[in-house]
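Each remark here refers to the structure printed beneath this line.
The values are calculated or read from the model by the stated rules, or taken from the named source; none is laboratory data. Since the model is a prediction, treat every value here as computed from it, not as a measurement. Quick reminder, even Gly has a Cβ in these numbers, built from the backbone with ideal geometry, and neighbours come from all protein chains shown. Keep in mind that these areas ignore ligands, DNA and RNA; they rest on the heavy atoms of the full protein, side chains included. Shrake-Rupley method; radii C 1.70, N 1.55, O 1.52, S 1.80 Å.
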Amino acid sequence: MTVPLLDLTAQYRSIKPELDDALRTVIETQRFVLGPEVEGLESEIASYLGSAHAVGCASGTDALLLPLKALSAAPGSDVIVPSFTFFATAGAVWNAGFRPVFCDVDPDTFNVTAGTLEAAWTEATVAVVPVHLFGQMAPMGEILELARSRGAFVLEDAAQAIGARSADGVAGTVGDAGAFSFFPTKNLGGFGDGGIVTTNDAELAEKLVKLRVHGGRQMYHHEMVGTNSRLDALQAAILRVKLRHLDDWADARQANARLYAQLLGDLDMVRLPHVAEGSHHVYNQFTVRVPRRDDLREHLGARGIGSGVYYPVPLHLQECFHALGGKEGDIPATETLCQEVVSLPIYPELGEERVAEVADAVRAFYR
Ligand SMILES: *Cc1c(COP(=O)(O)O)cnc(C)c1O
């Protein structure tokens, strides 16, 4: 039995008639960009998450970029981001004209904390971007308290965490704005790129609506320099169908995670993901820490089992950020994680048999 890291065809097969209908409807209308499907998705996402506004855009990367472009802070100001995240978190900061300042994460939850953000704080810090990595919320209560006390804007990178929540609230709705991705591998994935920004701030929402269409409400009249970051109606139609299934899929991901914990819990070599108390983890990835990570992956691959490394290189050591002066040893927990993490299959349609197959293969390697 082969076990891919992710099987999008299994999800498509499970809801094919609904998706095909939704696509056909858009094709019949020939309304492909923004329009009623996108407005429908925006209001459904806003009400699903409990946020006052949701503004669709072209990708999760743009969902980070647009609120940063809306910030009225001096160009070159500092924005703190974790070094242990997908590149886009820092790339968006750079592309908005700010300087990414990298911080460490809690090695158990993989997330930033008020403590790791505070340790990286500079005089020029105007914003922070906590990432809810792998589907678990960062501790937003303490993060918000720190940011508020220092007057910094809080942009949540919730690209991997739609539907995650904790005692602090729902991922993407606690800070000043939240960025979500609809890339196909995310928990709510389209048939291509897409993203959405959430906010409770009406003024910010209005700016975002302008920034995604070259900075104006009225065609050919530009109040700001925006960009083309519109969401396609075909994507919105697909996402509206999938949103109805999202909670069931999260339940299935959690059931898979529980089974892994049961089957691997006694292995000292494998450090399972730590779920903070009261946290509703939606497991975009099931990421464990192991010794001899690359050998384990080879062993799994030889048995037809997919795995992934998110992420192999800390962002402070990326070539493109060389000029920022990051050196090996600067951000220790992140650097260790980049050597030790491996993500195992967790997709909703996986099923118990495949989870057991993966767990058996992991056990066999460490025996
Ligand atoms: C996927 C992802 C993004 C970017 O989303 P795209 O839709 O691929 O542009 C940003 N941040 C994190 C943490 C992600 O996982």
**Item:** Gaussian network model of the chain, springs between alpha carbon atoms under 10 Å - residue of A276, A236, A250 with greatest fluctuation
**Value:** A276
**Item:** Debye equation applied to the C-alpha atoms of the stretch 102-152, log10 I(q)/I(0) at 0.18 Å⁻¹
**Value:** -0.51
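Can you work out the accessible area per residue across the chain, with the rest of the protein chains kept in place, probe 1.4 Å, in square angstrom?
43 Å²
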**Test item: Cα-centred dipole of the stretch 231-354, Lys/Arg +1 and Asp/Glu -1 on Cβ, debye** = 220 debye
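Please list H274, H316 from largest to smallest accessible area, probe radius 1.4 Å, with all protein chains kept in place.
If we order H274, H316 from most to least accessible, we get H274, H316.
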**Prompt:** If you build a Gaussian network model of the chain, linking Cα atoms that sit under 10 Å apart, which residue out of F182, F110, F191 swings the most?
**Reply:** F191
**Request:** Counting other Cβ atoms within 10 Å, keep those with at most 14, restrict to DSSP loop, and tell me which GluC sites (Glu not before Pro) in the stretch 190-260 are left.
**Result:** E223
**Request:** Would you work out what percent of the accessible area of the stretch 246-366, with all protein chains in place, is carbon or sulfur (probe 1.4 Å)?
**Result:** 45 percent
**Request:** Please list, or write none, the aspartates and glutamates whose alpha carbon is within less than 15 Å of the alpha carbon of K207, excluding same-chain residues fewer than 8 places away.
**Result:** D62, D176, E223
**Message:** In whole percent, and with a 1.4 Å probe on the protein chains, what portion of the accessible area of the stretch 1-81 is carbon and sulfur?
**Reply:** 56 percent
**Asked** Anyone know which of T227, T185, T113 comes out most mobile in the 10 Å Cα GNM of the chain?
**Response** T227
**Message:** Principal axis extents for the stretch 8-243, Cα atoms only, whole Å, descending order, please.
**Reply:** 55, 45, 27
**Request:** Would you mind putting 318-328, 134-144, 290-300, 38-48 in packing order, based on average other-beta-carbon counts within 10 Å, highest first?
**Result:** 134-144, 38-48, 290-300, 318-328
**Item:** Over 23 Å between alpha carbons, listed pairs K16/K210; K186/K327; K69/K210
**Value:** K16/K210; K186/K327
**Label-to-label distance, nm, for residues given as L5 and A52 (7 Å Cα→Cβ offset)** = 4.0 nm
**Prompt:** In the stretch 246-366, with Lys and Arg counted as +1 and Asp and Glu as -1 at Cβ, which of these residues, P291, Y260, A250, has the Cα nearest the positive end of the dipole, that is, farthest along it?
**Reply:** P291
**Request:** With unit charges on the beta carbon (Lys/Arg positive, Asp/Glu negative), name the residue among F110, A96, F365 whose Cα is farthest towards the positive pole of the charge dipole of the chain.
**Result:** A96
**Request:** Find the centroid of the Cα atoms in the stretch 64-109 and in the stretch 221-280, then give the distance between the two in whole Å.
**Result:** 21 Å
**Fill in**
If unit charges are put on Cβ atoms (+1 for Lys and Arg, -1 for Asp and Glu) and the dipole of the stretch 8-243 is taken about its Cα centre, the option from V79, S43, M140 lying farthest towards the positive end turns out to be S43
